[in-house]
Every structure is written in C-alpha cells, then in structure tokens.
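See structure below.
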Amino acid sequence: MQNSLMNRLAELSTLTDTPGALTRLFLSPAHRRAIMLITAWMQDAGLETHVDAIGNLIGRTKNSTGKPTLLLGSHIDTVRDAGPYDGNFGVLAAISAVKALAPDPSYAIEIIAFGDEEGSRFPQTLSGSRAVAGIFDPSALDAADKTGTTMRDALKAFGCNPGAIAQIARNPAEILAYVELHIEQGPVLEGAKLPVGIVTAINGASRLSVTLTGTAGHAGTIPMSMRRDALAAAAEQILFIQSHATAIPNLVATVGSIAVHPGAPNSVPGRATYSIDIRAPEDSIRAQAVATITGRLKEIAAGRDIEITITQTHDAPATECAPWLQAHLAAAIAAQNLPVFHLPSGAGHDAMAIAALCPVAMLFVRCKGGISHTPAESITAEDAEIAVAVLLEFLRNFEKPENA
C-alpha cells in the first residue's frame, strides 16, 4: 500500500501550472488534470464521483443513498512553489483506506478533494469547504485574480455552475462527522519521535497592525537622550512579544513584517509599522494574550514618548476537534501499538470551515523538519502507511455516540 500511495503522491505532484515548480491553482489547467487523475483513483477504489458547483471533486461509496455520511478529505490546490504532501496526502490516504475497507460499512463515506483551501489564486480561502458547510459568501464570486478574472467567470470556464453553489451545502442531520489527515507542517511529532498525532484544536488567530510615530531626524545631530526613535520602540516591543509568548504554553506570536520610514542609514526612524500574528488553541488564552500584549505595547510607547496606533486586521476563533472523534482515533492508534499523542494545529485547514456543519477531527503525520509550503516538504513511506492503517482501523470501528 505504501509504495502505491507514495507513487501516486509523486505522480500528482507533476501536475502543475508552473513548469519546474509545483503550483496548482484553483480552477486552473493543472487543477483540471488533477481532478481527472484523482477521479480514476477514486473509481478504482469503488467510489462514484462527480465535481460539484464550486469545483470540489467528490467520491462516494456506491449503493449508499440515504445512509448517514462520514466525510473524509483535504485539498488539492497548492501554494506557489509548493511541496507534494500538503493537502494532497489527506485525499490520497483516504482513497487508500477506503479501497482497503471491507465489507462496506453501515454508513456512507464521501471523500472530498477541496479545490480552494489555500487562496493562492483569489483573495478568499476555504472556498470549497465553506460551500459544503453552507457558509460560502456569494460576494466572493466577484473577487478577481491577478489577471482580472473573477471567481464566477473562472468557475463557468471550468464547467461549474456558480449559481448552484448554495445547493451543495450539506444537511447537518445527514452528516456524521468529518476527518482530515494532514501532514503536521511543524516539528512537534518529529521531536516526539512519533509518526502520527491527534489534533486537539485548530488555533484561533488574531492579527494586529501596529504603527509607531516618533520624530525623524539626522542620525548625527540628535542626542540619544532627545530622540523619539520609532524603530527603537518597535524593537523593545517585539522582544516583549516574543518573551511573553514563549512563557505561555501553546501560545505563539509572530512579528512577520516591519516597515520603517524614512528608512535611511543616516536618519532616526520617525515611523515604524509592523504586524503581529497571535495564535492559540483556546480563544481565552489568545484573548488574554492580545490584551496583555497591547497593554504593554502602549506602556513602552508612552515611556519613549512615541504615539501608537493598534488596529486589529483579522480575528478567527479556534476550532475544537470533537473529543469523541479524538477517542476513536486514539483507539485506532493504540491498535497499531503506538503511543497516543495530542497536539494543536497552528495552521488553518478545511476542517475549520466544515466545523460549521458537523463534528471534525484531524490526524497529523510527521514531516521532516516541520517544513511545509516548500519543495523540501517530506514524509516517509513508513509514516504514510501507519497513517492509512490508523484511518482504516478508525473506519472499521467508527460509530457516532447517540449523545454526540
């Protein structure tokens, strides 16, 4: 099984819009070729297939009309110059597990290859999963890519009917749960020397833009004690952000960009603007961090006679993975004679959107160095085989509790 899966992942990674680098954009020629290839693999696994109104590829177990449905899947679009496993692994691993599943379960299974998780083409992420969950914003259809093509026109050119997107939203009463396999995209499992881990929650995220305004001036003529240096204030603030996040378990905070004006080597910086990305698996932890950090930033600015403006640019709540699904995955891991390990996800996934429809769970697979979104992305065939075995065990014993 492992060689077949790894070979398929390698073959899928050759389908790209950019020769020499894996870039597979939503509704692109490479996306169409990927759908055709994965359709053949789904059908080989005994699934009935179709492409829905927003470009998701769906494979469903045969003769399962009217049965409650378990959703599996991930995405097949990529970032630019991507690695071969992000998203793709979850789809192809699910196909491998379902092909090995016998006899047919009492429930239906649908594997969904979402077309637009990354948002690499249009300024909208999770389009496919939002549509399935019934939370797609129709205004996103007017968003345009770099060529000026709108999502609406791209869908039509792809053979989809954007006017029917609302109709693909699933009925929560008919959906049991959603389970997504994914590479970790982080170093925790590798550090723990474990092939797989159970996701407890997908981190919520807050993003802030901080602007500091001091007084620009000549670097040689203004005494140090008389300066209103915006960059020096930013430096002190950034070090505080780092130290504060380091001290709190499961909290991460990142300053990923900074701009300085006038930005000359012989000028005292009069203005600095930087970003903050704050994430945690519990919203209460994140909210407290935002409050503590913004409070301290204001104190630092005041102490240096610097004006400060803090603007929140993004806020997304954490997504809890259902405890009962985590327990099912734990039993499946234990059946492989492996330790059960739990960890949060710092990255976003389709499961975030699907959580509006049904309970969700994720199984992470170890990746080398925690590296993702680059061609250096790497997993082993042995870990891939273990992940498929865990999913297969999960499917064989899956049952939704009455009170879930």
Does at least one position in the range 182-201 carry a residue that is on the phi < 0 side of the Ramachandran plot, out of contact with any Leu (no Cβ under 8 Å at 6 or more places or on another chain) and free of Cβ contacts under 8 Å to residues at least 40 places away in the same chain? yes
Every residue in the range 334-351 that is under 19 Å from ALA318 (Cβ atoms), modelled with pLDDT of 95 or more and of a type in the set (A, V, I, L, M), please. LEU343, ALA351
Answer with yes or no whether GLU190 is within 30 Å of TRP324 (Cα to Cα), part of a helix (DSSP H, G or I), of a type outside the set (Gly, Ala, Ser) and in the same structural domain as ASP116 (by TED's automatic domain parsing). yes
Can you find, within the range 109-138, the residue that is nearest to the chain's Cα centre (by Cα) among those that are assigned to a loop (DSSP other than H, G, I, E, B) and small (Gly, Ala, Ser)? GLY119
Give me the pairs: first residue in the range 4-20 and not assigned by TED's automatic domain parsing to the domain that holds ALA82 and surrounded by fewer than 19 Cβ atoms within 10 Å (Cβ to Cβ), second residue part of a helix (DSSP H, G or I) and among the hydrophobic types (A, V, I, L, M, F, W, C), beta-carbon distance under 8 Å, and six or more apart or on different chains, which are they? none
Of the residues in the range 121-157 that are under 30 Å from ALA173 (Cβ atoms) and β-branched (Val, Ile, Thr), the one that is surrounded by the fewest Cβ atoms within 10 Å (Cβ to Cβ) is ILE135
Got a sec? Which helices (runs of 4 or more DSSP H) wholly within the range 296-404 have at least 1 residues that are free of Cβ contacts under 8 Å to residues at least 40 places away in the same chain and not assigned by TED's automatic domain parsing to the domain that holds SER209? 323-334
Tally up the residues in the range 50-100 that are of a type in the set (S, T, N, Q) and either outside the structural domain of LEU22 (by TED's automatic domain parsing) or more than 25 Å from PHE122 (Cβ to Cβ) (or both), please. 6
What is the number of the single condition among (1) assigned to a loop (DSSP other than H, G, I, E, B); (2) surrounded by fewer than 23 Cβ atoms within 10 Å (Cβ to Cβ); (3) in contact with a Ser or Thr (Cβ under 6 Å, 6 or more places away or on another chain) that ASN63 does not meet? (3)
Residue selected from the range 379-404 under the condition small (Gly, Ala, Ser) and surrounded by fewer than 17 Cβ atoms within 10 Å (Cβ to Cβ), by the criterion farthest from PHE136 (Cα to Cα): ALA381
Can you say whether ARG32 is closer than 20 Å to GLU180 by Cβ and basic (Lys, Arg), as far as the supplied structure shows? no
Positions within the range 219-263 being closer than 21 Å to ARG207 by Cβ, in a strand (DSSP E or B) and not polar (S, T, N, Q), in sequence order: VAL252, ALA253, ILE258, ALA259, VAL260
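Identify all residues within the range 264-278 that are assigned to a loop (DSSP other than H, G, I, E, B) and either surrounded by 15 or more Cβ atoms within 10 Å (Cβ to Cβ) or under 24 Å from the mean Cα position of the chain (by Cα) (or both); write none if there are none.
First pass over the range 264-278, keeping only residues assigned to a loop (DSSP other than H, G, I, E, B): 264-266, 269-270.
Once the filter is applied, which keeps residues that are assigned to a loop (DSSP other than H, G, I, E, B) and either surrounded by 15 or more Cβ atoms within 10 Å (Cβ to Cβ) or under 24 Å from the mean Cα position of the chain (by Cα) (or both), the range 264-278 yields PRO269, GLY270.
The values are calculated or read from the model by the stated rules, or taken from the named source; none is laboratory data. The structure displayed is predicted, hence computed values, not measured ones. Note: ideal-geometry Cβ built from the backbone for every residue, glycine included; neighbour counts use all protein chains shown.
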